[in-house]
Every structure is written in structure tokens, then in C-alpha cells.
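Colleague: Have a look at the structure that comes next, please.
The values are calculated or read from the model by the stated rules, or taken from the named source; none is laboratory data. Nothing here was measured: the structure is a model prediction, and the numbers come from that model. Backbone-built Cβ (ideal geometry, glycine too); neighbour counts: all protein chains shown. Surface accessibility is based on the protein's heavy atoms, side chains included, excluding ligands, DNA and RNA. Shrake-Rupley method; radii C 1.70, N 1.55, O 1.52, S 1.80 Å.
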Amino acid sequence: MIVAIDGPSGAGKSTVAKAVARKLGFSCLDTGAMYRAIAWKALDTGVDLSDEEALGKLADECKIAFEHDEGDPIARRVLIDGEDVTAAIRTAEIDKAVSPVSATPAVRAALLVQQQRIGSEGNFVVEGRDIGTTVFPDAACKVFLTASPEERAHRRVRQNVDRDLGSIDYEEVLADIIRRDKVDSSREVSPLKPADDAHHLDSTDCYIEEIIDQICAMARAAQAQAQG
Ligand code: DC
């Protein structure tokens, strides 16, 4: 069974997806990490981010893997062609590079195949932008998680401090979030938009635990219904 969690960056998808997966005993797939890994590889190998053909070839040929601690459904490491890029894909440089990479149709086509293959291997909580619309349109439970751009920018600033990554300017972060939302929602292939049958949840003024509990309840209800 698939629980699809889509929404813009900073809405809390990762935290929510991991917690829901742990509570349900599902595995968890972060599709954004796959786009980030391709963006990292493109920068590392000097591929021009406007060269669609080269990016598509790269996405076709690269092997992305998630490593787990034994018994833990949440991946601790992301590898591309055997190289650990877990930390390297979370930099501001990758934040910028990943938008053109994820807007490239050939990259999306290559990763779609990989995401569907991974998801077919069991029960998964899958987070991304187009999971409920394109990757798993038949997902039993679909959630579109949002929060206001201002709240998402505040969270990002706090997260950087918590992770000892130094302080970042709130206004710059806010501008970047608004820019990325626009790029993600207006691209031609798989734009960020809710599936018609998605449950809309807004985490702006909500405790994240409430969102997690709501999604678990919806997923259990969908599972019960599927089992008749
Ligand atoms: O969730 P994230 O911020 O790690 O995602 C990184 C980028 O990848 C972001 O620009 C949106 C894009 N993305 C996408 O286009 N489709 C997905 N299913 C997941 C992420």
C-alpha cells in the first residue's frame, strides 16, 4: 500500500512522512532526495544544467541507493553511484540546482521508473511533489500538505540553526521558497498540484503530531477498506 504525501518544500513533509512510516510500520521514500542526488551528480561531473539530453542520460545511468540501519524503515544515507551524498545534497547550492534538474522531462521519466519500482516492493510512505498525481495515481491514501511561505521560511531558518549549519537570512529564505514554489507549480511536466482525491492538510498553525495522527488514521481506514 502507498501513502502519498505531496506539497511544497518546508511544509513538513519529511518529518511527517518519517513519523507516519514508523507508526504504520511502512518504509519511507524521499523522492526529493533522488532529484537532489541527480543535481549533485550533474554539478560534480560538470553537466550543464540547461542540457536536457545530458541530464536525462545522467539520470538514466546513475544508480541511486538508500541505505538503512537494520530494522529501520527510514534511510540514513543516500548514495549515488556508490558515493555517500547524504549531507552534500542539502546545501544551498543544491537547493538552487535542483529546480532546473527536476523540471527536465527526461530526468523525471528516469526517476519515475525507479520510484515506481521501489514503491512496488512493499508498503511505502512516499513524499514528493507528484506522487499522488503521477508516480502513484492509485495510492490508497493521498495527502497534500501545505503551510504558509512565511511559516516555512521560519522553519528553515530554525532548522539550519538546529543542524549547526549557521544562520541564514529569513528574507532570502522566504524569497527562495516563493521562487521555488513558482518553478515547481508552473513547470510543464508533473507540476506541483494536489491530486483531485488528495486530503488537504495545512500545518501552519498545527502541531505536527496532529497532522501525523490524522494521516495515520486516514491510512489505516484506507487499509481496512482495501482489505474489505
Ligand atoms: O522535497 P525537496 O525539497 O527535497 O525536493 C527537491 C526538489 O525536487 C524540489 O525542487 C522539488 C523537486 N521534486 C520534484 O519535482 N518532484 C518530486 N517528486 C520530489 C521533488
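Colleague: Could you grab the pairs with beta carbons closer than 7 Å, sequence gap of 6+ or different chains, first residue in the range 59-77 and farther than 29 Å from PRO100 by Cα, second one open to solvent by less than 60 Å² (accessible area, probe 1.4 Å) and not hydrophobic (A, V, I, L, M, F, W, C)?
Modeller: As it stands, the answer is PRO73/SER27, since those pairs meet every condition given.
Colleague: When you go through LYS96, LYS57 one by one, which is the residue that is surrounded by 13 or more Cβ atoms within 10 Å (Cβ to Cβ) and farther than 23 Å from VAL113 by Cβ?
Modeller: LYS96
Colleague: Between a first residue in the range 33-54 that is over 27 Å from GLU67 (Cβ atoms) and a second residue that is polar (S, T, N, Q) and within 14 Å of the ligand (Cβ to nearest atom), which pairs have beta carbons less than 8 Å apart while being 6 or more apart in sequence or on different chains?
Modeller: GLU52/THR104
Colleague: Over 20 Å from the mean Cα position of the chain (by Cα), within 25 Å of ARG179 (Cα to Cα) and charged (D, E, K, R): does that describe ASP51?
Modeller: In short, yes.
Colleague: Quick one: which helices (runs of 4 or more DSSP H) sit completely within the range 122-228 and have at least 2 residues that are within 16 Å of the ligand (Cβ to nearest atom) and open to solvent by 60 Å² or more (accessible area, probe 1.4 Å)?
Modeller: Hits in the range 122-228: 149-162, 170-186.
Colleague: Return the pair list, or none, for Cβ contacts closer than 8 Å from residues in the range 127-143 that are within 20 Å of ALA19 (Cβ to Cβ) and free of Cβ contacts under 8 Å to residues at least 40 places away in the same chain to residues that are part of a helix (DSSP H, G or I) and more than 8 Å from the ligand (Cβ to nearest atom), at least 6 apart or on different chains.
Modeller: Hits for this filter: zero, empty list.
Colleague: Within the range 105-123, which residues are β-branched (Val, Ile, Thr) and free of Cβ contacts under 8 Å to residues at least 60 places away in the same chain?
Modeller: If the condition is that a residue be β-branched (Val, Ile, Thr) and free of Cβ contacts under 8 Å to residues at least 60 places away in the same chain, then VAL113 is the only one that fits.
Colleague: Go over the candidates ASP44, ASP6 one by one and state the one that is acidic (Asp, Glu) and open to solvent by less than 20 Å² (accessible area, probe 1.4 Å).
Modeller: Selected residue: ASP6, the only one of ASP44, ASP6 that is acidic (Asp, Glu) and open to solvent by less than 20 Å² (accessible area, probe 1.4 Å).
Colleague: Restricting the search to the range 41-76, which residues are at pLDDT below 95 and at positive phi?
Modeller: Selection gives GLY71 alone.
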